[in-house]
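Shown next, in structure tokens, is the structure this report addresses.
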Amino acid sequence: MRNKVIAGNWKMNNDLNGTVNLISELKKGVNDQTKATVIVCPPFTSLETAQTLLKDSLIKFGAQNMYFEESGAFTGEISPSMLKSVGCEYVILGHSERRTIFGETDQIINKKIKTAIKHNLKPIFCIGETLEEREKGITFEVCERQVRFGLEGLTEAELSTMIIAYEPVWAIGTGKTATNEQAQEVHAFIRKLVAKLLSENFAQNLVIQYGGSVKPENAKELLAQPDIDGALVGGACLKADSFLKIIDAA
Ligand code: PGA
């Protein structure tokens, strides 16, 4: 049985004050009765504060991105060991905003996944098709390419901590959610593909989150689909109330 994993991607939101407020509220709602694994991904500048605030909490945390080199002349970038030094457990990689706005390719994302794993960071590896790609009928093709490239050169053992997040780009921040059937269909496809690339056993244990306008109103039904093992939440994770409702739904 796969445990549900609910992650909040804060994106470029919350300064230190906002971080203290949001995490304090979330801590009140997450306790040993909470069945889902809960992860928050604040901006880099809030990670050290998150570490302090979450010390005795069940809430886990991670970063939203990192660079694939260890150190050196890469102005503005953050390395995996820097993330480890502030206690990060997870790192989101390949988010569609990184791909489209910042030009990250499948190859770059593959390098990042490799480096993250080498440093014991658990990747939350995002994939998903654009609206144009869905309308052209190439959703499966696009997801397959992203998964194949993303996992290239990595073994089952190395990937054991990875989470995949399926996020149709047209559903991110748009209020348009994939229907339960649309999401389930792609999740089942990804699981089958991973079974082919690695093994059936690996695929059965792999957590595949759905992301794209997840909110309290649609979380329960989405999370009830057999291949949807959690959610990567953007907008609705910025208010403790709505994020906690999604966690409850899981
Ligand atoms: P959204 O974002 O929930 O605001 O659609 C999800 C994401 O980008 O991870």
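The values are calculated or read from the model by the stated rules, or taken from the named source; none is laboratory data. Remember, predicted model here, so these are calculated numbers, not experimental data. We place every Cβ from the backbone using ideal geometry, glycine too, and count neighbours over all the protein chains shown. Just so you know, the surface numbers come from the protein's heavy atoms only, side chains and all, with ligands and any DNA or RNA stripped out. Shrake-Rupley method; radii C 1.70, N 1.55, O 1.52, S 1.80 Å.
Key figures for this structure:
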quantity	calculated
Per residue Cα convex hull volume in Å³ - calculated over segment 5-249	119
Dipole magnitude of the chain about its Cα centre (Cβ charges: Lys, Arg +1; Asp, Glu -1), debye to nearest 20	340
Segments 211-221, 50-60 sorted - mean Cβ within 10 Å per residue, highest first	211-221, 50-60
Among T75, P123, V86 the positive-end extreme of the charge dipole of segment 5-249 (Cβ point charges)	V86
Residue-level accessible surface for F189, protein heavy atoms, 1.4 Å, Å²	50
Subset of K84/K192; K84/K220; K84/K196; K60/K239; K35/K111; K60/K245 violating a 29 Å alpha-carbon distance limit	K84/K192; K84/K220; K84/K196; K35/K111
Segment 83-139, accessible area per residue, ligands and nucleic acids excluded (1.4 Å, Å²)	43
Alpha carbon centroid spacing (whole Å) that separates segment 6-84 from segment 135-194	24
Cα gyration tensor shape for segment 1-66, rounded if a/c is under 1.5, else prolate or oblate	oblate
Protein accessible area in segment 127-183, 1.4 Å probe - carbon and sulfur %	51
Computed E for Q51/K239 - FRET, C-beta separation, R0 22 angstrom, nearest 0.05	0.45
Residue-averaged 222 nm ellipticity for the chain, from DSSP H runs of 4+ at -39500 (n - 2.57), nearest 500	-12000 deg cm²/dmol
